[in-house]
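Read the figures in this text as sums done on the coordinates, not as results from a lab. Since the structure is predicted, the reported quantities are computational estimates derived from the model, not experimental observations. When we count neighbours, we look across all protein chains shown, and the Cβ atoms used for this are built from the backbone with ideal geometry, even at glycine.
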Amino acid sequence: MKFLRTAVVMGALVTLATVVPASASPAPSWQVAKQAALPKGAQGLPQGYLPTLTCVSPGNCEAGGAYAVGGGVQGLILNETNGAWTAPITLKAPNDVAKGTGVTIYGLSCGALGNCAAVGSYNDRGGNVQSFVANEVRGKWSAALKVTLPANARKSGQSALVRTVSCPSLGNCSTVGNYQDNYQVTSRTVGFALNEVNGRWQRAREIMTISTPNINPFITMDQIACASIANCVAVGSFIDANNVTQALVVSEVRGTWSRGLSLPLPANASTYAGASVSEVACVKHSACTVLGTYNASTGAVEGMSASESGGTWSRASELTMPANAGVNPRVFLYGFDGVTCASAGNCSVGGQYVDSTGHYQGFLANEVAGVWTSAVQLSLPSGGTSAGKNGGVIALTCPSAGNCRAGAAYLDATGSYQALVVSEVDGTWQAGAKVVLPGRATTVGIDGGLYALVCLTASSCTGTGSFLSTATTYEGFTIAS
């Protein structure tokens with residue numbers, strides 16, 4: 001998986017063999033991972049790409065990504081209905097798509113059962129990269145539509161990207177991305193926000209910042225989450241007038257997008273902090289929490305988190321890495337579902353760090369009643385050597401406070417990447433368990449893995465991802481509890 005942050009993630013899931021007290025909330029019992037069906041003629045998943053999953057109710061989910069065919073790629077949608085995965089769907093490309101290229105789905109969200117939105121990018125016949133939106137209405141997907149960019153968008157040489165969408169209700173969604181404007185001196189990378197209101201997508205609006213940006217602000221929008229209709233938070237980064245990368249937070253309040261602000265950083269941040277925010281989660285009708293990284297005054301790359309309440313953002317807090325962390329832990333976030341909140345002030349985060357011996361490890365940290373605890377190292381199954389450069393925690397979901405699930409990866413004794421799932425039971429993270437992949441597959445490979453995990457209750461979970469089925473071919477998988 002070499003996109004967004006050129007990182008690689010992890011894989012499938014199995015039953016944990018952890019014994020917990022009778023009073024504890026039990027971990028789910030995972031079924032064996034099943035290979036996902038692809039459309040006829042599909043040649044696997046390019047770079048193991050199946051990144052997005054959304055669930056409306058237990059057993060009713062949709063996943064999205066892309067599959068390879070005839071030298072190009074096509075948008076892929078998988079649909080689960082009442083616990084059964086039905087025939088895969090190929091998303092119809094916009095009218096101006098370049099022949100042989102197709103589309104790639106980056107984000108997917110459902111406002112109601114059978115009513116969803118997908119976003120992504122494609123190559124048009126003019127050699128431009130364009131963004132698209134597509135809608136599912138009452139179980140039927142329409143063709144993808146090119147996003148109508150702001151009036152200052154460059155007409156040729158365009159590179160518009162959108163990776164995220166959030167739909168708090170049927171026909172009401174919000175998404176953010178970035179595009180090239182037609183600034184008279186040089187084309188600039190700027191941001192846009194786009195709303196769907198009562199089933200109709202509006203024209204995208206340019207994202208502005210409170211701080212003075214660089215001549216080319218290089219705005220990158222990574223994620224969006226909505227607490228309710230037209231009340232959302234989007235995150236990313238931009239370069240300011242001093243040529244310093246700032247963590248960017250942009251809020252939508254009652255349908256109006258405010259200017260983006262630089263997230264206040266921890267007290268030990270460097271003047272040239274190189275900060276960014278790559279992940280965000282919002283509690284329904286409540287506050288939002290963001291996750292990012294920054295450079296400390298010592299030069300160390302640290303993790304940070306901040307919360308919003310009543311429209312005001314707190315100063316970000318440094319995430320304390322496990323006791324065995326190196327002087328520079330080089331905290332890394334995959335930019336998918338690395339932060340999740342069961343309720344306001346009760347969240348969990350995960351990612352990767354480097355320990356004092358120079359090995360890559362995974363970490364997990366909890367916020368309890370508004371206070372972040374020190375992170376713990378991802379516990380590996382027997383035979384695990386380390387998380388590996390392309391390992392660590394990627395997907396998190398919390399059906400209730402103190403009871404979460406995490407998908408991760410690690411290196412086994414042979415140097416192959418394996419996947420595991422970890423459960424938090426009553427506030428304590430248990431040991432992870434190795435995944436048994438479909439068929440005779442022995443590894444998730446460098447590009448495959450568990451991209452998404454959703455648990456709507458303590459015992460009802462769904463996960464999607466990819467694995468290496470042959471030396472060069474990746475296939476998708478689904479798993480449930």
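Values as computed for the structure displayed
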{"read-out": "Sorted by Cβ neighbour density within 10 Å, fewest at the top, the residues Met321, Met208", "value": "Met208, Met321"}
{"read-out": "Segment 131-237: radius of gyration over Cα atoms, expressed as a fraction of 2.2 N^0.38 Å", "value": "1.10"}
{"read-out": "Estimated vicinal HN-Hα couplings, Hz - segment 150-166 in sequence order (Karplus 6.51, -1.76, 1.60; Gly, Pro = x)", "value": "x, 4, 8, 6, 5, 7, 10, x, 6, 9, 9, 10, 9, 10, 8, 8, 9"}
{"read-out": "Chain lengthening between Ser57 and Val371 when straightened (0.36 nm per residue, less Cα-Cα)", "value": "110.0 nm"}
{"read-out": "Potential lengthening between Ser211 and Asn198 on full extension [0.36 nm per residue; Cα-Cα distance subtracted]", "value": "1.4 nm"}
{"read-out": "Interchain or long-range residues, amide H under 5 Å from Thr320's placed H", "value": "Ala375"}
{"read-out": "Percent RCO, i.e. relative contact order, over segment 105-162, from Cα pairs under 8 Å lying at least 6 residues apart", "value": "31"}
{"read-out": "The chain - percent relative contact order, Cα under 8 Å, separation 6 or more", "value": "17"}
{"read-out": "Cα centroid separation - segment 79-123 against segment 302-353, whole Å", "value": "31"}
{"read-out": "Whole-Å semi-axes of the ellipsoid equivalent to the chain (Cα gyration tensor, √5λ, descending)", "value": "31, 28, 21"}
{"read-out": "Over segment 142-226, relative contact order from alpha-carbon pairs under 8 Å, at least 6 apart, %", "value": "31"}
{"read-out": "Trypsin sites (Lys or Arg not before Pro) lying in DSSP loop within segment 186-261, provided at most 11 other Cβ fall within 10 Å", "value": "Arg254, Arg259"}
